[in-house]
Protein chains: 2
Amino acid sequence: MNTKENQADNGIFPKGEKAPADYFTGMAWVQLLVPNDPALHCQVGNVVFEPGARNNWHTHPGGQILIVTDGIGYYQEKGKPVKLLHKGDVVNILPDTEHWHGASHDSGFTHIAINTNTQKGIVVWLQRVTNEEYNSIK
Amino acid sequence: MNTKENQADNGIFPKGEKAPADYFTGMAWVQLLVPNDPALHCQVGNVVFEPGARNNWHTHPGGQILIVTDGIGYYQEKGKPVKLLHKGDVVNILPDTEHWHGASHDSGFTHIAINTNTQKGIVVWLQRVTNEEYNSIK
């Protein structure tokens, strides 16, 4: 069902399926664009976060690239300050770097996620980003 | 200069630099989003084609993924029929597959191009898509 209501905010892709509650806090949606390809060693998806939604801390054994297509979001690597992300921003996440990403408090956030070198694995999920952690962002 | 005039049609990225005339026919623009990364083995760019513009026949030693973000375009692999592409379409291009892509006759076309497994090489440029080939598309 590719209706307007089911479109991601960027209007390019369908909103997709509800993201798994075990690995996301708040409402988020995932549309798989490229299933993990054994020749390309790549998996690509579009993720829509509603305001306040974010994924758990996690790592990618083969790395990941985020391409922001709409809204305002947060990105944080373990032990580093939170980065504010806007439409058109790109983030390179090196293999095995613990991090999380999600929407800002007051704005939705949409990005394309490119998982690279998937022959090494796609994602290792870790602990939640607690409300205390999230709400401490200035 | 990130003015409206300099924005790609999808409004996400700047339009970028004029694509090299040796490898493109007609007007096209390339904005590099991720320079070739030695850990991620990936290079990502945004390409805007004006109506009628296309790249030469070429191959990618490590493969490529196209994500269409605006307009209407063409994609063709050697010996196969031309495929019509619209916003939201995704194309997986396997390593060493001879192909070309570009705008349709009457519409601009914008895609993100993800070059995968770049440790194997990024692109091998071949002959032009002639006006005869291009104008034979029904």
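The values are calculated or read from the model by the stated rules, or taken from the named source; none is laboratory data. Computed from a prediction, not measured in an experiment: that's the story for all the values here. Positions of Cβ are backbone-derived with ideal geometry, glycine not excepted, and every protein chain shown enters the neighbour counts. We work out accessible area using only protein heavy atoms, side chains counted, and drop any ligands, DNA or RNA first. Shrake-Rupley method; radii C 1.70, N 1.55, O 1.52, S 1.80 Å.
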Kindly provide the set of residues from the stretch A:118-137 that are touching a residue at least 40 places away in the same chain (Cβ under 8 Å), under 17 Å from the mean Cα position of the chain (by Cα) and part of a loop (DSSP other than H, G, I, E, B), ordered by number. A:Gly121, A:Ile122, A:Val123, A:Leu126, A:Gln127, A:Arg128, A:Val129
Taking the stretch B:14-63 as the search range and keeping residues that are β-branched (Val, Ile, Thr) and in contact (Cβ under 8 Å) with a residue 60 or more places away in the chain, which one is nearest to the other protein chains (Cβ to nearest Cβ)? B:Val44
Of all residues in the stretch A:82-95 being assigned to a loop (DSSP other than H, G, I, E, B) and either of a type in the set (Val, Ile, Thr) or more than 23 Å from A:Val124 (Cβ to Cβ) (or both), the one that is farthest from the other protein chains (Cβ to nearest Cβ): A:Val82
State yes or no: is B:Asn115 open to solvent by 30 Å² or more (accessible area, probe 1.4 Å) and in a strand (DSSP E or B)? no
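Considering every residue within the stretch B:69-76, establish whether at least one is charged (D, E, K, R), within 14 Å of chain A (Cβ to nearest Cβ) and assigned to a strand (DSSP E or B). Let's see the steps before the verdict.
Initially, the stretch B:69-76 is screened for residues charged (D, E, K, R), giving B:70.
Checking the rest, the ones that are also within 14 Å of chain A (Cβ to nearest Cβ) come to B:70.
The next check asks that each one be assigned to a strand (DSSP E or B); those that pass are B:70.
For the stretch B:69-76, residues charged (D, E, K, R), within 14 Å of chain A (Cβ to nearest Cβ) and assigned to a strand (DSSP E or B): present.
Does A:Gly79 fit the bill of being modelled with pLDDT of 95 or more, more than 10 Å from the chain's Cα centre (by Cα) and more than 14 Å from every other protein chain (Cβ to nearest Cβ)? Even if it seems obvious, please write down each step before you answer.
Numbers: modelled with pLDDT of 95 or more: yes; more than 10 Å from the chain's Cα centre (by Cα): yes; more than 14 Å from every other protein chain (Cβ to nearest Cβ): yes.
Spelling it out, A:Gly79 is indeed modelled with pLDDT of 95 or more, more than 10 Å from the chain's Cα centre (by Cα) and more than 14 Å from every other protein chain (Cβ to nearest Cβ).
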